[in-house]
Amino acid sequence: MSYSVSASRELDVTNDRWDNTLMLTVGFALGSGEHQPYSTTTVQKSSSGHSSLQEGVSGTLGKDNNFSYGMNANRSDSQGASGSTNMGGNASYTFPGNWKLQVENCLDGYHLNIAHKGFIEITRRRIARAGAAYKGPDIEAMFGVDLKTGSFGLKNGHALFFTENPAPQFRPLWPQREQLAARLGAGRAKWLLQYGRNLTIFPNVQCTDNAVIGQFRVLRPLATALTEMDIYCWVPVGEPPAARRQRLRQYEDFFNISSTGTPDDVGAYRNCQEGLQARAVDWLHGHGRGLGAMVRGANDYARELGIEPETSSAGPLNMSDETLFHANYRQWLRLMKEGQRRALDAGEIG
Ligand SMILES: [Fe+2]
């Protein structure tokens, strides 16, 4: 257990008044053992009458502590008429692969029924057990029906992949569909509910909102074959409690290292990183699928959304589109060449 007490004095120059603040912080481990969580509580009181209470719990998991997490809540009586309460959480993990593997992962729609066989099998068993009471998309069936899919290659390396959602009625937003249509218009509300979207903001931010559920990610290269992921569940402000509960349960079901989805991707990154070290062949990569369905500029989907991508493609789910990778490959090459040219000009490389 640790504690600290601190006092500070500040002069508020706008009203020429001194404000004294006293802060007490207490920290202690919750339990014992290698990975026990750590709790930190901070109470703050100032002579102007403002007070706040912060509580945080953080910890690490896994071999080499390669998964870390934290949750925090903050209560303050200094903001708004009745004070404010904020809550947050974070989780991060590392995987033994290059950061570009994660960039590609979020853009390809065709790894789902290959890499996530375990998740699909679990879903199949849940449906068999629950029957009509099952509340969620039948992932296996997605590949047997004529679902529309497509992608946009955007400027500066950004790209978006979308797939028609076969079961929008199981989305937490579904009960609010009429309010969404009234606020955003029928077109945007349709895209929120009936299309899953994976967006990569080049080079290292990703937002997914698809048949599984939404996640916001920031990836950070730590070494050639080591990448850190910060992951967040993103939620609409003011979501009803039942929808929020459904969203969180769906999120924890697929994402995170203890889930049915993320471990598959992490395993695939490790395998790809090792496989791509092969020297016996000159070239292992291909990314030409979907070229026949690609157009320069906007297609009907882009026009419906009101965006102007550099490339657009559309087709059935099994077309396994790869044209959206080109946007970030081109931007990566452009930035690498630019960096090389600058280093040459500065005489840093010969
Ligand atoms: Fe995946």
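The values are calculated or read from the model by the stated rules, or taken from the named source; none is laboratory data. All values derive from a computational prediction rather than experimental measurement. Glycine gets a Cβ as well: all are built from the backbone with ideal geometry, and neighbour counts include every protein chain shown.
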Mind counting the residues in segment 151-172 that are within 15 Å of residue 209 (Cα to Cα) and either outside any strand (DSSP E or B) or over 20 Å from the mean Cα position of the chain (by Cα) (or both)?
8
Would you pick out the residues in segment 111-128 that are over 15 Å from residue 267 (Cβ atoms) and among the basic types (Lys, Arg)?
124, 125, 126
Would you mind telling me which numbered condition in (1) closer than 17 Å to residue 102 by Cα; (2) among the acidic types (Asp, Glu); (3) surrounded by fewer than 19 Cβ atoms within 10 Å (Cβ to Cβ) residue 252 fails?
(1)
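On the basis of being within 16 Å of the ligand (Cβ to nearest atom) and assigned to a helix (DSSP H, G or I), does residue 268 make the cut?
Here the answer is yes, as residue 268 does meet what is asked.
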Go through segment 118-161 and count every residue that is touching a residue at least 40 places away in the same chain (Cβ under 8 Å), within 16 Å of the ligand (Cβ to nearest atom) and either farther than 29 Å from residue 327 by Cβ or not assigned by TED's automatic domain parsing to the domain that holds residue 192 (or both).
2
So which residues in segment 295-332 are modelled with pLDDT of 95 or more, part of a strand (DSSP E or B) and touching a Gly at 6+ places or on another chain (Cβ under 8 Å)?
311, 312, 313, 314
Out of contact with any helix residue (DSSP H, G or I) (no Cβ under 7 Å at 6 or more places or on another chain), charged (D, E, K, R), within 11 Å of the ligand (Cβ to nearest atom) and at pLDDT below 90 - does that describe any residue in segment 77-94?
no
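If only one of 284, 226 is out of contact with any Cys (no Cβ under 6 Å at 6 or more places or on another chain), surrounded by 13 or more Cβ atoms within 10 Å (Cβ to Cβ) and either modelled with pLDDT under 90 or closer than 18 Å to residue 67 by Cβ (or both), which one is it? Step through it out loud before you land on a result.
Numbers: 284 fails: surrounded by 13 or more Cβ atoms within 10 Å (Cβ to Cβ).
Every option except 226 fails the conditions.
When segment 213-247 is examined, which residues are found to be part of a loop (DSSP other than H, G, I, E, B) and touching a strand residue (DSSP E or B) at 6+ places or on another chain (Cβ under 8 Å)?
Our first condition is that a residue be part of a loop (DSSP other than H, G, I, E, B); within segment 213-247, this holds for 213-214, 224-225, 233-240.
Result: 214, 233, 234.
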Being modelled with pLDDT under 85 and either surrounded by 15 or more Cβ atoms within 10 Å (Cβ to Cβ) or farther than 17 Å from residue 93 by Cα (or both) is the filter here; which residues of segment 32-46 pass it?
32, 33, 34
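From the list 128, 182, 189, which one is crowded, with 17+ Cβ neighbours inside 10 Å and part of a helix (DSSP H, G or I)? Walk me through it before giving the result.
Details: 128 fails: crowded, with 17+ Cβ neighbours inside 10 Å; 182 fails: crowded, with 17+ Cβ neighbours inside 10 Å.
Only one candidate passes the filter, namely 189.
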Can you run down the residue pairs with Cβ atoms below 9 Å, 6 or more apart or on separate chains, where the first is in segment 209-232 and outside the structural domain of residue 250 (by TED's automatic domain parsing) and the partner is among the polar types (S, T, N, Q) and part of a strand (DSSP E or B)?
none
